[in-house]
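Taken together, the values in this text are just the output of simple stated rules run on the coordinates, not laboratory data. Computed from a predicted structure; not experimentally measured. Heads up, the Cβs are rebuilt from the backbone with ideal geometry, glycines too, and the neighbour counts pull from every protein chain shown.
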Amino acid sequence: MSSLAIVPGQTRIGWIGTGVMGTSMCGHLMKAGFSATVYTRTKAKAQVLLDQGANWADSPQAVAENSDVIFSIVGFPHDVRDVLLGEDGALAGAAAGSVLVDMTTSQPSLAVEIHEAAKAKGVSSVDAPVSGGDIGAKAGTLSIMIGGDKAVVDSLQPCWEAMGKTIVYQGEAGSGQHTKMVNQILISTGMIGVCEALLYGYKAGLDLDTVLQSVSSGAAGSWSLTNLGPRIIANNFDPGFFVEHFLKDMGIALEESRRMGLSMPGLALGHQLYAAVQAQGHGRNGTHALQLALATLSGIDWKNRA
C-alpha cells in the first residue's frame, strides 16, 4: 500500500494517453500545480501539454521512472495491457510506493490483474474510469468511479478534485470498472431514446430546438438529451466519446453479463445498432452519431434534411 503524500508542487505525475479527454484531464492537474511527464503514441497529440510545460517521455516505462503517480487513459483493454504491463510499460519503470491509476474504461478482470501485478512489486494500482465525455473533461466536472485500496484512493483526493466533480469510491480493485459498465448500459439504451425522439419530432414537422425547451427539463430530461441533443440538431457529430470505444465498452458489459448469467436485451440491441453506426463509417464520430444510423433505417438523410 502506498504511503505517498500527494502534494501539488511536490508530487510528480505521469500521464499516458492524450486523446479527446486525456489532454484536458492532464491539463487540469498541471493547473493545480502538479508537474507532468507525458507519453502518447503520436507525440504531436501531446503538443498542447508540452507547450504548457509538460515533459516528454519516449515510453510508458520512462513516464513511470520520472513520476510518483502514473495516470493512463487509452483506447482498448489491449492498449491498457501494453502501456501498463508490457515490456516497456509503466509497471516496469514504477518504483515501490508509486501509484498506477488507469482511467480507461476497461475490463474489471484486467483491473484486478494489474492490481495484483503492481502489489507484487510494492506499487499501488487504482481503476478509475470516468463519465462526462469531452465536455466534462474540459470543464473538470467528470464523474470518477474508483476501485482499489481505499487509503490509496483517499490520498489521491487532490488529483480527483482537479479533474472531477462527482468522486465516488466503489470498492476493491475492479469495482470502478464494474460501475462504469453500469454507466454504459444506462447510456446505450438512453441514446436510442434520444435519437428516436428527435427523429420523430423532425418527421412530425416540429422545430427541434423548441421541442428541447419543453422536454429537456421534464421527466424525460437527461445528460445526453441536454448536451448531445443540440449537437444532433446542428449536425455536429464530433466525438466527445468515440463510437468505436463505446462499442468496446458495450462488448465488455455483455461479456460480464454473460459471465454473471444475466439477460440484457436492451444492451444487446444498443450494441447491434452501434455496430451499424460503425459499419456506416462513423466509428470515429461521437456516440450521438447513432442518429445517422437510425435516420437511415427510415430513409432519412439526416445531415441534409430540409
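For the chain, find the longest principal axis of its Cα atoms and tell me its angle to the long axis of helix 175-203, 0 to 90°, nearest 10.
The two axes meet at around 20 degrees.
Hey, what angle do you get for helix 108-120 against the long axis of the chain, alpha-carbon based, 0 to 90 degrees rounded to 10?
Helix 108-120 sits roughly 10 degrees off the main axis of the chain.
Between Trp302, Cys195, Leu110, whose Cα lies farthest towards the positive end of the dipole of the chain when Lys and Arg beta carbons carry +1 and Asp and Glu beta carbons carry -1, centred on the Cα centre?
Toward the positive end, the furthest listed residue is Trp302.
Of the cross-linked pairs Lys31/Lys165; Lys31/Lys121; Lys45/Lys180, which ones have a Cα-Cα span greater than 24 Å in the structure shown?
Lys31/Lys121; Lys45/Lys180, as the Cα separations exceed 24 Å there.
Kindly work out what percent of the DSSP beta bridges joining two residues of the stretch 1-102 are antiparallel, to the nearest 5.
Bridges in the stretch 1-102 that DSSP calls antiparallel: roughly 0 percent.
Would you mind pulling out the separation of the Cα centroids of the stretch 204-240 and the stretch 91-167, in Å?
32 Å
Under the rule of -39500 (n - 2.57) per DSSP H run of 4 or more residues, summed and divided by the residues of the chain, what mean residue ellipticity at 222 nm is obtained, to the nearest 500 deg cm²/dmol?
-14000 deg cm²/dmol
If you put +1 on each Lys and Arg Cβ and -1 on each Asp and Glu Cβ, how big is the dipole of the stretch 179-304 around its Cα centre, in Debye rounded to 20?
Charge dipole of the stretch 179-304: 200 debye, to the nearest 20.
Given charges of +1 on the Cβ of Lys and Arg and -1 on the Cβ of Asp and Glu, with all other atoms neutral, how large is the dipole of the stretch 96-214 about its Cα centre, in debye to the nearest 20?
That gives a dipole near 60 debye.
Residue farthest toward the positive end of the dipole of the chain, with Cβ of Lys/Arg at +1 and Asp/Glu at -1: which of Ala276, Asn183, Gly171?
Ala276
Looking only at the chain, where both bridge partners belong to it, what percent of the DSSP beta bridges are antiparallel (to the nearest 5)?
15 percent
Would you mind counting up the charge near Ser35? Only other residues with Cβ under 13 Å from its Cβ, with Lys and Arg at +1 and Asp and Glu at -1.
Local charge sum for Ser35: +1.
Restricting to Cα pairs below 8 Å that are 6+ residues apart, what does the relative contact order work out to for the chain? Please round to a whole percent.
Computed over the chain, the figure is 14 percent.
List the lysines whose alpha-carbon lies under 16 Å from that of Lys303, not counting same-chain residues fewer than 8 positions away?
Answer for Lys303, where 16 Å is the Cα cut-off: Lys203, listed by chain and number.
Taking the 0 to 90 degree range and rounding to the nearest ten, how far is the long axis of helix 243-259 tilted relative to the main principal axis of the chain, both from C-alpha atoms?
So the inclination is approximately 80 degrees.
Take every Cα pair under 8 Å in the stretch 12-173 that's 6+ residues apart, average their separations, divide by the length, and report that relative contact order as a whole percent.
19 percent
Nearest 20 debye, what's the magnitude of the dipole of the chain about its Cα centre given +1 on Lys and Arg Cβ and -1 on Asp and Glu Cβ?
For the chain, the charge dipole is close to 480 debye.
Antiparallel as a % of all DSSP beta bridges within the stretch 112-211, to the nearest 5?
35 percent
Taking the Cα centre of the chain as the origin and placing charges on Cβ (Lys, Arg +1; Asp, Glu -1), which of Val243, Met260, Ser217 is farthest toward the positive end of the dipole?
Result: Ser217.
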